Structures are given as C-alpha cells and as structure tokens.
Amino acid sequence: EACPISQHSFCQDLLLGTSCCFDFSGELSPDNPDWNMKCCDQESGAPVVAPQDDIVEEEVRKLDLTLNLMSALNNNEMFCKAFSYQLMVKLNSCVSYTTTTTTTTTTTTTTTTTTT
C-alpha cells in the first residue's frame, strides 16, 4: 500500500506495516522527483523496501541514478545498508559503504649452514 512520506501512523492505523518506507522494489524512474513510498515492516533497521538481489543491469543503473538524486536527503548510507551486499557493490552510490579486504602474503626464508 502506498503511503504519504513519513506518515508511519497511516500504515499502523490500517495494519499495513510499522512504517512508511522508501520503496526500491518496483519500477524506478530517476526522472520522477516523487519518491515511491510503501507501507512495510521495518525489518532491516531502515524504512526501506529493498530490491531483489537479481535485478537486471538496467534496473541497477536506474537504482544508482535514483540514489544519486536522493543523496540530497543524506540517507544514502541508510538506503545502501538496507540492500544486500551483492547489490550494494554494483552501485556507485553505495561503494563508500562497502568494505574492502586486502590480503598480504609474507614469505620467510631460513638458511641453515653447517661447518665441519
């Protein structure tokens, strides 16, 4: 059910969920300045309905453009962390919230000499 932004009581009164959430699960239109909002149970700790992990490349591009436009809300960290890591690493808008692992290999050489 669509809901007015930040109107959590709307969702609760109609027993549709605990929060009015940003909806990234459906068709995204970066050209549309109105954010999609939907009632949800705020499971991920953020009022976000995350997209599926297996969205196609075109949808990843639209999601990234949408996040870029929404960066003015200063919520990108919250949005990105609500997505799966698998999806987050595909989004330029979320790269700063991913972790990188560096592997270091150390080689030790021991030389033994015997004198007779």
request  = Would you tally the residues in the range 7-25 being open to solvent by 40 Å² or more (accessible area, probe 1.4 Å) and either out of contact with any Leu (no Cβ under 9 Å at 6 or more places or on another chain) or part of a strand (DSSP E or B) (or both)?
outcome  = 10
message = Can you report the number of residues in the range 62-95 which are free of Cβ contacts under 8 Å to residues at least 12 places away in the same chain and farther than 18 Å from residue 42 by Cβ?
response = 5
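The values are calculated or read from the model by the stated rules, or taken from the named source; none is laboratory data. Computed from a predicted model, the values in this text were never measured in an experiment. Positions of Cβ are generated from backbone atoms using ideal geometry, with glycine treated the same way; all protein chains shown enter the neighbour counts. Areas reflect the complete protein model, heavy atoms only, side chains present, ligands, DNA and RNA absent. Shrake-Rupley method; radii C 1.70, N 1.55, O 1.52, S 1.80 Å.
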